[in-house]
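S.K.: Sharing a structure, written as structure tokens. Questions coming.
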Amino acid sequence: MSSSTDSLRLNARVDAMQPSATLAMKSRAEERRRQGHPVVALSAGEPDFDTPQPISDAGVRAIRNGFTHYTENTGILELREAICRKFDRDNGVSYSPEQIVCSNGAKQSLALAIHALCDAGDEVLVPAPYWVSYPEMARFSGAEPVVVPTRVENNYRLTPEALDDAITDKTRLLLLCTPSNPTGTVYPPAELEALAEVLRDHEQVFVLSDEIYEHVIYDAEHRAFASLPGMKERTITVNGFSKAYAMTGWRLGYLAAPAPIAGAAAKIQGQFTSAPCSITQKAGVAALEMDKAPVDEMVAAFRRRRDVVVDRLRAIDGVRCPTPEGAFYVYPDLSHFFGLEAPDGSTIADGDDLCFYLLEAHNVALVPGPAFGEPKGLRLSYASSMEDLETAMDRIETGLHALG
């Protein structure tokens with residue numbers, strides 16, 4: 001007898017969608033831990049700090065005060081006004097509350113923007129290495145992601161020449177992430193301006209600027225793309241609270257855009273999820289208004305960890321490792337080790353093989369480069385304790401030296 005699922009037909013776009021490689025690696029690492037293996041997971045992009053106390057206190061107050069019901073679809077006015085003040089204070093860009101849409105995380109904001117702007121036949125430019133969800137979001141909207149390679153020698157930054165070459169009459173959107181997930185790269189203001197100069201000649205192209213790591217920055221200056229001359233009306237800025245405020249589980253993000261685009265995003269959200277959690281929104285207001293000392297302390301810790309990880313990686317022969325200027329990831333080029341033989345006799349053909357070898361043989365979980373569109377590298381998150389990082393680096397060094 002045939003199963004009722006034998007003739008099941010799924011939406012073709014869902015069927016073609018690839019699962020998140022970062023979540024898949026996290027699940028595999030957790031499975032090995034359940035089996036008793038001492039895995040150090042450097043795969044997830046999540047701060048290992050508790051949410052700062054003023055934020056948690058605001059959430060508790062919201063519960064105790066009965067602020068536990070539906071809110072406006074785009075977020076409470078108090079939060080959207082606080083976000084507007086943030087843009088004015090931190091970025092020199094002025095928005096009104098109707099240009100802000102609060103959502104259940106920056107990931108949802110990105111999806112809302114892409115679906116509001118893109119249609120079948122459109123092209124979305126995605127510089128690689130990219131965050132794993134960008135191409136899948138573009139495909140699900142009906143658009144075609146166009147991967148634009150970058151080079152490790154240039155710290156994985158998109159050049160104006162590469163951008164200009166990639167634009168066609170079908171190009172609808174450029175996805176830009178600075179500070180970058182997965183590389184930690186930060187675009188200097190002059191390089192952003194050079195990209196904007198190219199875009200000024202292509203008025204049909206909008207920019208989706210993912211700035212979720214804005215405050216996790218070390219050796220560089222963050223510049224909001226919307227602050228560049230002539231770019232505000234063609235830029236959708238996505239940001240949120242997960243990374244800088246250690247609020248990953250609270251699920252709160254937002255976008256700022258020209259009113260017609262914000263209105264379209266709000267329409268989609270109103271039919272799919274409605275507003276983010278009321279309690280979380282009150283916590284978000286507190287995050288934007290609190291003293292930034294807890295954030296500065298987290299960033300200082302990330303910087304110390306970055307320095308240790310980069311130094312350890314560069315000490316390994318065959319590893320090429322740019323210095324990340326923001327976020328909490330490093331993206332070394334490990335292609336030197338492709339084609340080498342593991343102690344069990346298997347061959348390390350590519351980044352997938354290398355990551356699974358390091359997990360299975362040395363109990364370190366990383367994310368392979370093919371998921372990010374740059375197969376020569378892999379992503380390592382240093383949002384872990386210094387003890388875990390030292391242990392992981394010892395294991396990585398041992399594992400790479402064992403290849404031959």
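S.K.: Per the Kirkwood formula on distinct C-alpha pairs, the Rh of the chain is how many angstrom?
M.R.: On the way: mean 1/r = 0.0452 Å⁻¹.
Kirkwood radius, the chain: 22.1 Å.
S.K.: For the pairs 86/282; 86/243; 86/232; 86/267, note any where the Cα-Cα span goes beyond 18 Å.
M.R.: Values: 86/282 15 Å; 86/243 16 Å; 86/232 16 Å; 86/267 24 Å.
Result: 86/267 exceed 18 Å.
S.K.: Let me ask you something else. How big is the range 53-289 along each principal axis, measuring the range of its Cα positions in Å and listing the largest first?
M.R.: Per principal axis, max minus min of the Cα coordinates gives 56, 40, 29 Å.
S.K.: Let me ask something else about it. Under 17 Å Cα-Cα from residue 107, which aspartates and glutamates qualify once same-chain neighbours fewer than 8 residues away are excluded?
M.R.: Here the aspartates and glutamates satisfying the reach criterion relative to residue 107 are 46, 136, 210, 211, 214.
S.K.: If you find the alpha carbon centre of the range 62-104 and of the range 386-404, how far apart are they in angstrom?
M.R.: If you average the Cα positions of each part, the centres end up 44 Å apart.
S.K.: Tell me, what is the FRET efficiency for residue 201 and residue 12 to the nearest 0.05, using R0 = 30 angstrom and their Cβ-Cβ distance as r? Working shown, then result.
M.R.: Values: r = 36 Å, r/R0 = 1.19.
According to the calculation, E is roughly 0.25.
S.K.: For the chain, build the charge dipole from Cβ charges (+1 Lys, Arg; -1 Asp, Glu) around the Cα centre, then report which of 175, 110, 393 sits farthest towards its positive end.
M.R.: 110
S.K.: At what distance in angstrom do the alpha carbon centres of the range 192-221 and the range 244-266 lie from each other?
M.R.: After rounding, the separation between the Cα centres reads 17 Å.
S.K.: Which whole number in µm²/s is D for the range 307-348 by Stokes-Einstein, with the Kirkwood Rh taken over Cα pairs at 20 °C and 1.002 mPa s?
M.R.: Rounded, D is 183 µm²/s.
S.K.: Just from its helices, what would the mean residue ellipticity at 222 nm be for the chain, if runs of 4 or more DSSP H residues each count -39500 (n - 2.57) and the sum is divided by every residue, rounded to the nearest 500 deg cm²/dmol? Could you put the intermediate results ahead of the total?
M.R.: Numbers: 13 runs with 155 residues, N = 404.
-12000 deg cm²/dmol, from helical runs alone.
S.K.: Could you calculate, for the range 165-284, the ratio of the Cα radius of gyration to the Kirkwood radius, expressed as Rg to Rh?
M.R.: Working: Rg = 15.5 Å, Rh = 15.7 Å.
In the range 165-284, Rg relative to Rh is 0.99.
S.K.: Determine, for 147, 186, the number of other Cβ atoms within 10 Å of each Cβ, and report the residues in order from fewest to most. Kindly include the intermediate steps, with their values, before the conclusion.
M.R.: On the way: 147 17, 186 26.
Ranked by crowding around the Cβ, least crowded first: 147, 186.
S.K.: Looking at the range 82-217, what % of its DSSP beta bridges pair antiparallel, to the nearest 5?
M.R.: Working: 0 of 14 bridges.
Bridges in the range 82-217 are about 0 percent antiparallel.
S.K.: Counting only other residues whose beta carbon sits under 12 Å from that of residue 284, what net charge do I get with K and R as +1, D and E as -1? Each step should come with its number before you reach the end.
M.R.: Working: positive: 80, 86, 251, 282; negative: 78, 81, 289.
Once positives and negatives cancel, what remains is +1.
S.K.: Oh, and also: In Å, the Kirkwood hydrodynamic radius of the range 293-374 over pairs of distinct alpha carbons? Each step should come with its number before you reach the end.
M.R.: Values: mean 1/r = 0.0701 Å⁻¹.
14.3 Å is the Kirkwood radius here.
S.K.: Could you calculate, for the range 12-121, the ratio of the Cα radius of gyration to the Kirkwood radius, expressed as Rg to Rh?
M.R.: My calculation of the ratio gives 1.06.
S.K.: When the Karplus curve 6.51 cos²θ - 1.76 cosθ + 1.60 is applied with θ = phi - 60°, which whole-Hz ³J(HN,Hα) does each residue of the range 197-203 get, with x for Gly and Pro?
M.R.: Coupling constants for the range 197-203: 4, 5, 5, 5, 8, 9, 5 Hz.
S.K.: Over the chain, what is the percentage of antiparallel beta bridges among all DSSP beta bridges, to the nearest 5? Write down the numbers at each step before the final one.
M.R.: Values: 16 of 36 bridges.
Looking only at bridges with both residues in the chain, the antiparallel portion is about 45 percent.
S.K.: Let me know the whole percent of all Cα-Cα pairs from the range 326-382 that are separated by more than 20 Å.
M.R.: Details: 308 of 1596 pairs.
Tail of P(r) above 20 Å: 19 percent of Cα pairs.
S.K.: Only counting other Cβ atoms within 10 Å, I'd like 164, 48 sorted with the fewest neighbours first.
M.R.: Numbers: 164 14, 48 17.
Exposure proxy ranking, most exposed first: 164, 48.
S.K.: Return the sequence-ordered ³J(HN,Hα) values of the range 223-238 in whole Hz as given by the Karplus equation 6.51 cos²θ - 1.76 cosθ + 1.60 applied to θ = phi - 60°, using x for Gly and Pro.
M.R.: 10, 5, 4, 5, 7, 6, x, x, 9, 4, 6, 10, 10, 10, 9, 10
S.K.: Assigning unit charges at the beta carbon (Lys, Arg +1; Asp, Glu -1) and nothing else, what dipole magnitude in debye, to the nearest 20, does the chain show about its Cα centre?
M.R.: Values: 38 positive and 56 negative charges, 224 e Å.
The calculation lands at about 1080 debye.
S.K.: Between residue 207 and residues 5 or more places away or on another chain, which pairs have amide H atoms under 5 Å apart, with H built 1.01 Å from N, and which residues are they?
M.R.: 174, 235, 236
S.K.: If you don't mind, there's one more thing I want to ask. Sequence-distant or interchain residues sharing an amide H contact under 5 Å with residue 171, placed H: which?
M.R.: Counting only residues 5 or more places away or on other chains, the set is 123.
S.K.: Using per-residue counts of other Cβ atoms within 10 Å, averaged over each peptide, order 132-144, 366-378 from highest down. Write out the running numbers ahead of the final one.
M.R.: Working: 132-144: 20.5, 366-378: 23.5.
Descending mean neighbour count gives 366-378, 132-144.
S.K.: Quick one: P(r) of the range 78-167 from all Cα-Cα pairs, 10 Å bins, percents rounded to integers, in order of increasing distance.
M.R.: 15, 32, 33, 19, 0
S.K.: Of all beta bridges DSSP finds with both residues in the range 53-289, what is the antiparallel percent, to the nearest 5? Please report the intermediate quantities before stating the final value.
M.R.: Values: 8 of 26 bridges.
Of those bridges, close to 30 percent are antiparallel.
S.K.: Here is a follow-up. For the pair residue 296 and residue 272, what calculated FRET efficiency results from E = 1/(1 + (r/R0)^6), where r is the Cβ-Cβ distance and R0 = 30 Å, to the nearest 0.05?
M.R.: Values: r = 36 Å, r/R0 = 1.21.
Once the sixth-power term is evaluated, E becomes 0.25.
The numbers here are math on the coordinates, done by the rules we state, and not lab data. Note that the coordinates shown come from a computational prediction; the quantities given were computed from them, not determined experimentally. Quick reminder, even Gly has a Cβ in these numbers, built from the backbone with ideal geometry, and neighbours come from all protein chains shown.
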